[in-house]
Amino acid sequence: MLSSEKMARINELAKKAKAEGLSLVEQAEQKDLRAEYLERFRGGMRNHIEGMKVVDQEGNDVTPDKLKDIQKEKGIHDR
């Protein structure tokens, strides 16, 4: 996740954009901060999903094969 300072800056730029608009420098900064935020968010989500194990009501592992292959490559769940 981004630092609290960067998150505060993202919010500050968003508020300023709505209220009075941003300069070209601020627009570039906002774009870069948003890109970094999305990259980290997607990475965290990817790690979360790749670590999942899907089990049906009877307790059988029904994790999709594609996910099992990724987990095997990364050594997750001893697959």
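The values are calculated or read from the model by the stated rules, or taken from the named source; none is laboratory data. The structure displayed is predicted, hence computed values, not measured ones. Backbone-built Cβ (ideal geometry, glycine too); neighbour counts: all protein chains shown.
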**Q.** Near pairs, Cβ below 9 angstrom, 6+ apart or cross-chain, from the range 23-44 (closer than 18 Å to Ser3 by Cβ and at pLDDT 95 or above) to any residue that is assigned to a helix (DSSP H, G or I) and of a type in the set (Gly, Ala, Ser)
**A.** Gln30/Ala14; Gln30/Ala17
Q.
I'd like to check something: does the range 22-29 contain any residue that is β-branched (Val, Ile, Thr) and under 30 Å from Lys74 (Cβ atoms)?
A. no
Q: Count, please, the residues in the range 28-58 that happen to be surrounded by 13 or more Cβ atoms within 10 Å (Cβ to Cβ), over 19 Å from Ala8 (Cβ atoms) and of a type in the set (S, T, N, Q).
A: 0
Q | Cross-chain or 6+ apart pairs with Cβ under 7 Å, the range 50-65 first and within 15 Å of His77 (Cβ to Cβ), then among the hydroxyl-bearing types (Ser, Thr, Tyr) | A | Lys53/Thr63; Val54/Thr63
Q.
Against the condition touching a Leu at 6+ places or on another chain (Cβ under 9 Å) and modelled with pLDDT under 95, how does Glu50 come out, does it pass?
A. yes
